[in-house]
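The values are calculated or read from the model by the stated rules, or taken from the named source; none is laboratory data. Note that this is a predicted model, so its numbers are computed, not measured. Cβ coordinates were reconstructed from backbone atoms using ideal geometry, including for glycine residues, and neighbour counts include every protein chain displayed. Surface accessibility is based on the protein's heavy atoms, side chains included, excluding ligands, DNA and RNA. Shrake-Rupley method; radii C 1.70, N 1.55, O 1.52, S 1.80 Å.
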Amino acid sequence: MLVLHGPNLNLLGRREPEIYGSVSLEAINQKLRQLAEAQNARVTTLQSNHEGTLVDAIQDAFGVHDGLAINPAAYTHTSVAIRDAIAAIEIPTVEVHLSNIHQREPFRHHSYIAPVAIGQICGFGARSYTLGLQALLDWLRARDSRTAQAE
Ligand code: DQA
């Protein structure tokens, strides 16, 4: 699994803690690695403040990763490039947000990513990530068992 974190998420823990909580990004990544390993999966994590770096990472995931969990952060609301990269690679993708973007300022209500994701999890703080990764693993297993039955 590839887990991508967008801009400013490197500041988690000290960035607007009343909105984003007090858990650091490293602690979240550690939790995700543990969750995956307990289910015989592996997680690679990357944070970037740069749209092009995230696009490159999504493109590079093709043929390497089975699933993508992404918190595109502010790029959620602006990036056609990230959306197009996800659509291009056709890797099942879950969109994750710590805060409930639909409850916040109107400019956060629209996501360019949602239409190319299998689902979106938001509003549960750091738990959004573990819920998102678990949803992705469950979705992939269900797909694989449907494929095995059809063969
Ligand atoms: C965020 C929500 C975005 O609107 C914001 O720009 C972020 C974080 C979240 O995880 O709640 O940087 O993606």
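Summary of values
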| quantity | calculated |
| --- | --- |
| Tally of residues being closer than 13 Å to V116 by Cα and within 11 Å of the ligand (Cβ to nearest atom) across region 53-71 | 1 |
| Long-range neighbours under 8 Å by Cβ, at least six apart or interchain, first residue β-branched (V, I, T) and open to solvent by 40 Å² or more (accessible area, probe 1.4 Å) within region 6-33, second within 11 Å of the ligand (Cβ to nearest atom) and outside any helix (DSSP H, G or I) | I19/L98; I19/S99; V23/L12; V23/G125; V23/A126 |
| Matching option when the condition is among the acidic types (D, E) and either in contact with a Gly (Cβ under 6 Å, 6 or more places away or on another chain) or closer than 22 Å to Q103 by Cβ (or both), among E37, E26, E18, E51 | E18 |
| Qualifying residue in region 115-130 (condition: farther than 23 Å from A27 by Cα and surrounded by fewer than 14 Cβ atoms within 10 Å (Cβ to Cβ)) | yes |
| Close pairs (7 angstrom Cβ cut-off, 6 or more residues apart or separate chains): in contact (Cβ under 8 Å) with a residue 60 or more places away in the chain and within 11 Å of the ligand (Cβ to nearest atom) in region 118-135, part of a helix (DSSP H, G or I) and not small (G, A, S) anywhere | A126/I28; Y129/I28; Y129/L32 |
| Qualifying residue in region 86-100 (condition: more than 22 Å from I28 (Cβ to Cβ), touching a Lys or Arg at 6+ places or on another chain (Cβ under 7 Å), more than 10 Å from the ligand (Cβ to nearest atom) and open to solvent by 40 Å² or more (accessible area, probe 1.4 Å)) | no |
